[in-house]
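Participant: Once you've had a glance at the structure underneath, I'll fire off some questions.
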Amino acid sequence: MESLADFQHQTFTFTLAFCLLIGLVSQLMFKKEAFGSGDMLLLVALSPLFRLEKMLLLILTASLLGIGYYLAYWLMKKQKLAKLAFIPFISTAMLLVLMLESRGLITRIGLFLFEESIFMTYVVGLTGGIGSGKTTVSDLFSALGVEVIDADVVARQVVEPGTPLLAKIVEHFGEEILTAEKALERTKLRQIVFNNEEEKTWLNNLLHPAIREEMVKKLQESTACYVIWVVPLLIENKLTEYCDRILVVDVSPEIQLERATKRDNSKIETIKNIMAAQVSREERLSYADDVIENNLPFEQGLLLIKEQVQALHYKYLALAKKEKECQKLL
């Protein structure tokens, strides 16, 4: 697994080679320079700031914008441009690429092109069914100093009072889904959408892109050796491709139902609907690289889980050192 310096060197080398090649082809075929010295210097100077997949997209977008402008000018004026500055198209392309990156699309392009995780940190996806004990496990990792990115926490942050998303939810469902403090009453909203497929789809289409965008941003910004990324619907939402490793907290369906109804004070039917919307226990386990079983009562199982988390912590540090060349100690 390559380090940040390796990626910077790759991008710099590619950009310099691209500029020189295009310049040579342009001189040989058209007796004109493809880039001005300023254009070339800007691209080469920008290259260490971008990963290769982002620079590829930046150059492609800028080139297409330039070609489009040239053709539009020729069609309207019926004459060719003597010279076309490339810098405005680079600037516009940068804005477009940053917009794509904010939606997590650059990361997906990198995954498609290079078939590997492109985060600087080693990402351990932690998942499990409702009531499995994901929070208990993630809290134990956090107590060891591990950075934890929790999808549920992010999901709450994007609908905090005053956010645009909360305003849209209130407009759609009405103010009865708010608490006295004008915060979102998540249990009430959950009861509404899990018994109504149309409303569930509407809410998911609103929230999932925003939550994904924020989580990917946090993963990209992380400088930790490894992070625990807690996502209840990691498999269902096809987020496994972002992970270097997957840790599943496993529990029997009977215990799931018992724990979730007590914890959330929800109706059994509501919990059953949630469980039905998640992948089966068997399918979830088929994705697992590591498994923590959590079928024992809390007091009895906690010590055993602590031991497993400690062992996994050292394992993930070793993997991060090997695959991400991380030299930090937590």
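The values are calculated or read from the model by the stated rules, or taken from the named source; none is laboratory data. Small disclaimer: the values here were computed from a predicted structure and weren't measured. All Cβ positions, even for glycine, are placed from backbone atoms using ideal geometry, and neighbour counts span all protein chains on display.
Participant: Is it the case that some residue within the range 139-152 is over 30 Å from GLN308 (Cα atoms), in a helix (DSSP H, G or I) and either modelled with pLDDT of 90 or more or among the hydrophobic types (A, V, I, L, M, F, W, C) (or both)?
Facilitator: No, the range 139-152 contains no residue that is over 30 Å from GLN308 (Cα atoms), in a helix (DSSP H, G or I) and either modelled with pLDDT of 90 or more or among the hydrophobic types (A, V, I, L, M, F, W, C) (or both).
Participant: Which count do you get for residues in the range 256-288 that are over 26 Å from GLU185 (Cα atoms), part of a loop (DSSP other than H, G, I, E, B) and either touching a strand residue (DSSP E or B) at 6+ places or on another chain (Cβ under 9 Å) or of a type in the set (A, V, I, L, M, F, W, C) (or both)?
Facilitator: Residues that pass the stated criteria total 2.
Participant: Next question, about the same structure. Mind checking which residues of the range 168-224 are hydroxyl-bearing (Ser, Thr, Tyr) and either farther than 21 Å from CYS243 by Cα or surrounded by 18 or more Cβ atoms within 10 Å (Cβ to Cβ) (or both)?
Facilitator: Step one: filter the range 168-224 for residues hydroxyl-bearing (Ser, Thr, Tyr), giving 179, 187, 201, 222-223.
Within the range 168-224, THR179, THR187, THR201, SER222 qualify.
Participant: Looking at VAL216 and the list (1) in contact with a strand residue (DSSP E or B) (Cβ under 9 Å, 6 or more places away or on another chain); (2) not in a strand (DSSP E or B), which single condition is not satisfied?
Facilitator: Failed condition: (1).
Participant: Something else about it: Of everything in the range 258-307, what is crowded, with 16+ Cβ neighbours inside 10 Å and aliphatic (A, V, I, L, M)? Give them in sequence order.
Facilitator: Listed by number, the residues that qualify are ALA260, ILE271, ILE274, MET275, VAL279, ALA288, ILE292, ILE305.
Participant: Testing PRO209 on (1) in contact with a helix residue (DSSP H, G or I) (Cβ under 9 Å, 6 or more places away or on another chain); (2) touching a residue at least 24 places away in the same chain (Cβ under 8 Å); (3) not basic (Lys, Arg), one condition comes back false. Which one is that?
Facilitator: Every condition holds for PRO209 apart from (1).
Participant: Let me ask something additional. So, in the range 289-301, exactly how many residues are within 17 Å of LEU233 (Cα to Cα) and either out of contact with any strand residue (DSSP E or B) (no Cβ under 9 Å at 6 or more places or on another chain) or assigned to a helix (DSSP H, G or I) (or both)?
Facilitator: Qualifying residue count, the range 289-301: 0.
Participant: While we're here: Does VAL159 count as surrounded by 18 or more Cβ atoms within 10 Å (Cβ to Cβ) and within 23 Å of GLN256 (Cα to Cα)?
Facilitator: Working: surrounded by 18 or more Cβ atoms within 10 Å (Cβ to Cβ): yes; within 23 Å of GLN256 (Cα to Cα): no.
Against the criterion (surrounded by 18 or more Cβ atoms within 10 Å (Cβ to Cβ) and within 23 Å of GLN256 (Cα to Cα)), VAL159 does not qualify.
Participant: Does VAL123 count as within 23 Å of the chain's Cα centre (by Cα) and either modelled with pLDDT of 90 or more or closer than 30 Å to SER280 by Cα (or both)?
Facilitator: Here the answer is yes, as VAL123 does meet what is asked.
Participant: Just to check your reading of the model, which residue among LEU257, LEU233 is in contact (Cβ under 8 Å) with a residue 24 or more places away in the chain, within 28 Å of the chain's Cα centre (by Cα) and farther than 19 Å from LEU319 by Cβ?
Facilitator: LEU233
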